[in-house]
Amino acid sequence: KKEKKEKKEKKEKTPDKKRERDDADDNSSKKKKARTEEEVDPLEGLSYADMQLRCCEIAKPLAQPDLQRDVFTLVTHASRIKHVRRGVKEVVKCLRKGNAKDGVIVLAGDISPVDVLSHVPALAEEKNVPYTYVASKARLGRAAGTKRPTSCILVLKERAGSAAPKQDADGVKEASAAFPKAFEKTSAAVKKELHAFLSSL
């Protein structure tokens, strides 16, 4: 009888230890997640020449650092009020349907393999939609409100077909107030940079 009691007690103690180990694993994974969310901006402190070295050969015109900051701000505002299309498939679909005529395309310059989005600039030029490259896909993804890196984003002037954002959501009122001015400023700068690049060819 004593042996049975001892075995029973042993069995009861074992799950407690296992639970403690699982809790410790959960805590370490939470710490890892917190570290990845607080990642440092990959473009912080890089010169324009260093940004060009990070990017592939076809990433032209690469936005100047000031313009990149404006582009990331615009993408942040646009994603909060749902004026964006993310990913190559969605952007190409909007371009082909003609829904992107008043938009701006932002492409990541550090995509590998570059063949994934090499057709997008030609399609954008055909449809008269301005585009620019930025140096970091991770930074572009964060600006768009996703945890994953993003290769291509289309910022639309008018929301097309998607549900309106909830006004009480975090930052929506501020974003909807700041978006029109940011869009006009950034769109004009991107068009000017793209025109200068295309005329130099």
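The values are calculated or read from the model by the stated rules, or taken from the named source; none is laboratory data. Keep in mind that this is a model prediction, so the values were computed, not measured. Cβ placement follows ideal geometry from the backbone for every residue including glycine, while neighbour counts extend to all protein chains displayed. Surface accessibility is based on the protein's heavy atoms, side chains included, excluding ligands, DNA and RNA. Shrake-Rupley method; radii C 1.70, N 1.55, O 1.52, S 1.80 Å.
Report the FRET efficiency, 1/(1 + (r/R0)^6), for Ser112 and Lys173, where r is their Cβ-Cβ distance and R0 is 35 Å, rounded to 0.05. Could you put the intermediate results ahead of the total?
On the way: r = 39 Å, r/R0 = 1.10.
According to the calculation, E is roughly 0.35.
Longer than 26 Å from Cα to Cα, which of Lys97/Lys147; Lys89/Lys173; Lys101/Lys185 are they? Say none if no pair is.
Details: Lys97/Lys147 28 Å; Lys89/Lys173 29 Å; Lys101/Lys185 17 Å.
Distance filter (> 26 Å) returns Lys97/Lys147; Lys89/Lys173.
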Output ordering of 141-151, 190-200 (per-residue mean of other Cβ within 10 Å, highest first) is 141-151, 190-200
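Pairs of Cα atoms under 8 Å, at least six residues apart: use those to get the relative contact order of region 49-196, whole percent.
Values: 230 pairs, mean separation 53.7, N = 148.
Value for region 49-196: 36 percent.
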Carbon and sulfur atoms account, in whole percent of the 1.4 Å probe accessible area of region 49-201, for 51 percent
Expressed in nanometres to one decimal, the distance between label points 7 Å along Cα→Cβ at Glu3 and Lys101 is 8.9 nm
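Which peptide among 65-73, 112-120 comes first, and what is the full order, when sorted by highest mean count of other Cβ atoms within 10 Å?
Put in order of decreasing packing, that is 65-73, 112-120.
With r defined as the distance between the Cβ atoms of Arg148 and Asp66 and R0 fixed at 22 Å, what FRET efficiency is calculated, to the nearest 0.05? Could the numbers behind the result be given before it?
On the way: r = 26 Å, r/R0 = 1.20.
In this case the efficiency is close to 0.25.
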